[in-house]
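As structure tokens, the structure follows; a few thoughts come after it.
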Amino acid sequence: MQGLTVGEIASRSGVAVSAIHFYERKGLIASHRTEGNQRRFDRAVLRRIALIKVAQQLGVPLAEVAEQLSVLPKDRAPDHRDWQKIATRWSQQLNHRIHMLEALRDNLDGCIGCGCLSMTKCTVINPGDCLADEGQGAVALTEMAAVEG
Ligand code: FES
């Protein structure tokens, strides 16, 4: 099996050679060696790179991409069913992030012009008063001061 060179993969996928090497180092794609010890990639790698590009567009963390790619069969390109499962998962994660960002934006609207940066009142710094369980007063500042020595 001869396969494609890194340059051919780069040109067909529209991804820089350096990015392809990065994906390989991170275990997202794999190559094999020819008898002459030259690196070659199976055509199936193009589908994996397409999936990585989609993930980048969606802001999916690299660790999540690696996890999803790790369960795909190594001997063939991801197919329609593979993609549907991943797309469903990433769609749910995207919806969750959208809700979180909308809540953050709504809280930020209340902050604009305030500038109090209160650890207890500001819902951006302390959403849902999550620091209340950790004690009274400027808990975060006390912890920061302890870390900074
Ligand atoms: S900065 Fe005052 S409420 Fe957020």
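The values are calculated or read from the model by the stated rules, or taken from the named source; none is laboratory data. Just so it is clear, the structure is predicted and the values come from calculations on it, not from any experiment. Cβ atoms come from the backbone with ideal geometry, glycine included; neighbour counts cover every protein chain shown. The protein model used for the area step is the full one, side chains on, heavy atoms only, and it has no ligands, DNA or RNA in it. Shrake-Rupley method; radii C 1.70, N 1.55, O 1.52, S 1.80 Å.
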Take Phe41 and decide whether it is in contact with a strand residue (DSSP E or B) (Cβ under 6 Å, 6 or more places away or on another chain) and at negative phi.
yes
Leu28, sole failed condition from (1) assigned to a loop (DSSP other than H, G, I, E, B); (2) open to solvent by 60 Å² or more (accessible area, probe 1.4 Å); (3) touching a residue at least 24 places away in the same chain (Cβ under 8 Å):
(2)
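Which of the residues spanning the stretch 1-31 are among the hydrophobic types (A, V, I, L, M, F, W, C) and within 15 Å of Ala77 (Cβ to Cβ)?
Met1, Leu4, Ile9, Leu28, Ile29, Ala30
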Which one of these is farther than 30 Å from Ile98 by Cα, in a helix (DSSP H, G or I) and open to solvent by less than 80 Å² (accessible area, probe 1.4 Å): Ile9, Ile49?
Ile9
Residue match in the stretch 119-127 (condition: more than 10 Å from the ligand (Cβ to nearest atom), of a type outside the set (Gly, Ala, Ser), exposed (fewer than 11 other Cβ atoms within 10 Å of the Cβ) and in a helix (DSSP H, G or I))
no
Would you check if Ala145 is at pLDDT below 80, more than 28 Å from Val60 (Cα to Cα), surrounded by 11 or more Cβ atoms within 10 Å (Cβ to Cβ) and outside the structural domain of Val60 (by TED's automatic domain parsing)?
no
